[in-house]
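Before any comments, here is the structure.
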Amino acid sequence: MKGCLSLIIKTIIAVLVFFGLMHLGVIDYIKDKMAEHKGTSSSNEQMIDKTKDVVDLSEIDGEYAIDKNLKILKNRMIIAEHNATEQKMIMIEPRNEDILTKEDITSGNIQEKIDEITNKYKYKFAKFDKVEVSKHGTLEGVGQEIPYVKVNAQISSIAVKNMEGIVGVAELKNGKNLIVISVNEKGKYSQIIADAFYKKVK
């Protein structure tokens, strides 16, 4: 269980590093939050209620577990997992909306934007050695077509060193951006799983 918890923490931190949300006190904060909830779990119904101020997850079925609802330095992060494959679905309402926008995703300069992010926010706990954009696409979710890019990442200092998935941006009803992510170990990522989940997010 300790190793699993460590991997969850490191995965969250890797995502935070990538989007520049890291701060010197965040690692301890995450560990404290995880410790608070150790041995406890919330049902999907409880998590749906806790996250309804950001998105409506009421149509998410038992194939997925809504695991985490975190507020870190005014950045909101909601994490769900596909039970059979452990593929993660991560939604971030960032404090700084300029971190990543729809325009960034659809532009021809997204690789440069990602390089800029990863180079700017290198951190010893999760150093991105290489992040490559392989293709563009769209998925249905949050009542709209969400543009995304397929990303392959090589990461030092975490257990899962090669990851792949998608990164997209939706617009919430309040006008704020919602960064949508789905990620798994390289070779295990499924776009079908990501599409099925986000299609039920309203």
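Throughout, read-outs are computed from the coordinates displayed, never taken from laboratory work. All figures in this text were calculated on a predicted structure; none of them were measured in a lab. Neighbour counts are summed over all protein chains in view; Cβ atoms, including those assigned to glycine, are modelled from backbone coordinates with ideal geometry.
By per-residue mean of other Cβ atoms within 10 Å, what is the highest-first order of 74-80, 137-143?
Numbers: 74-80: 19.7, 137-143: 17.4.
Per-residue mean Cβ counts within 10 Å order the peptides as 74-80, 137-143.
Could you tell me which of the pairs Lys50/Lys74; Lys150/Lys202; Lys74/Lys188; Lys71/Lys173; Lys71/Lys199 are separated by over 26 angstrom between their Cα atoms in the structure shown? Can you show the working numbers first?
Working: Lys50/Lys74 16 Å; Lys150/Lys202 22 Å; Lys74/Lys188 32 Å; Lys71/Lys173 19 Å; Lys71/Lys199 24 Å.
The pairs that break the limit, which is 26 Å between Cα atoms, are Lys74/Lys188.
Could you tally the net charge around Asn109, taking each other residue with its Cβ under 11 Å from the Cβ of Asn109, Lys/Arg +1 and Asp/Glu -1? Present the calculation step by step, with values, prior to reporting the outcome.
Working: positive: Lys113; negative: Glu103, Asp104, Glu112, Asp115, Glu116.
Once positives and negatives cancel, what remains is -4.
Kirkwood Rh and Cα-based Rg: tell me the resulting Rg over Rh for segment 132-202, rounded to two decimals.
Details: Rg = 12.9 Å, Rh = 12.8 Å.
A ratio of 1.01.
So how far apart, in nm, are the two label points at Lys74 and Ser134 if each is 7 Å from Cα heading toward Cβ?
In this crude spin-label approximation the distance works out to 3.7 nm.
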